[in-house]
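Step one of this worksheet: look at the structure below.
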Amino acid sequence: MKAFAEALAQALAAGDVASFQLRLKDVPDEDIGTAVRALKPIVQKKDVAFILNDRPDLAAELDCDGVHIGQEDAGYDEARRIVGPNKIVGVTCHNSRHLALEAAEAGADYVAFGAFFPTATKDAKTKADIEIVQWWAELMEVPCVAIGGITVANAAPLVEAGADFLAVSSGVWDHAAGPVAAVREFNEMFERLKR
């Protein structure tokens with residue numbers, strides 16, 4: 001944990017990062033709590049939102065900045081009730097316009113589409129096309145996040161299509177030059193394409 005905490009601090013210092021999502025599957029609540037208590041201060045010190053995946057109950061208990069829920073997790077209304085009105089609640093919408101519209105209408109702080117590319121981080125249930133990002137960006141003000149196999153090498157079309165944020169895991173942590181270089185390169189790409 002100490003080595004990861006140090007790498008995380010360095011990566012967050014390398015450029016603009018909107019949020020950090022802690023995603024721990026099939027581990028005891030106690031271990032999630034230990035990880036949150038170790039990493040949340042590092043993340044928040046950099047003015048980055050600390051989001052817990054799947055678990056609104058633990059996000060509230062551990063005073064995270066928000067929660068990201070999938071379609072198999074608590075519904076939006078329940079997650080919002082648990083974490084309260086001032087925390088972030090984001091919703092995975094796969095490749096579904098319908099799910100995204102429902103989440104936005106319910107009050108989600110962001111919707112997430114994906115997977116856009118093959119990913120080793122999890123078994124992607126759906127494949128999303130870039131057109132869904134273009135459609136969303138043209139119609140809606142609620143931010144959208146692109147998820148799934150995103151790297152510096154393949155992210156530009158998503159940013160050009162209007163993705164507000166990119167959810168990146170292995171694209172940062174497995175980057176050939178390391179996570180610091182990855183964060184810098186993603187920031188440079190956003191600067192170049194969002195001008």
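Measuring nothing but how far apart in sequence close Cα pairs (under 8 Å, 6+ apart) lie, relative to its length, the stretch 77-195 scores a relative contact order of 19 percent. Counting 0.36 nm for each residue step from Ile130 to Lys45 and taking away their Cα separation leaves a gain of 27.2 nm. For the stretch 71-167, the set of GluC sites (Glu not before Pro) satisfying both a DSSP loop assignment and a count of at most 10 other C-beta atoms within 10 Å is given as Glu72, Glu141.
How long is the gain from Phe4 to Thr34 if the chain were fully straight, where each residue apart is worth 0.36 nm and the alpha carbon distance is subtracted?
Working: separation 30, 0.36 × 30 = 10.80 nm, distance 1.34 nm.
Extra length available between Phe4 and Thr34 comes to 9.5 nm.
Listing Leu58, Leu193, Leu24 from fewest to most neighbouring C-beta atoms within 10 Å gives Leu193, Leu24, Leu58.
Taking 0.36 nm per residue of separation and subtracting the current Cα-Cα distance, fully stretching the chain between Asp77 and Leu99 would add 6.5 nm.
Taking 7 Å steps out from each Cα toward its Cβ at Glu141 and Ala176 produces label points 4.3 nm apart.
Could you put Tyr76, Tyr110 in order, starting from the residue whose Cβ has the fewest other Cβ atoms within 10 Å? Walk me through the numbers on the way to the answer.
On the way: Tyr76 20, Tyr110 23.
Going from least to most buried by this count: Tyr76, Tyr110.
Rounded to two decimals, the Cα radius of gyration of the stretch 43-195 over 2.2 N^0.38 Å is 1.02.
Readers should treat all values here as calculations from the given coordinates under stated rules, not as data from a laboratory. Bear in mind that the values here come from a model prediction, so they are computed numbers and not experimental data. Counting neighbours? That spans all protein chains shown, and the Cβs are built from the backbone with ideal geometry, glycine included.
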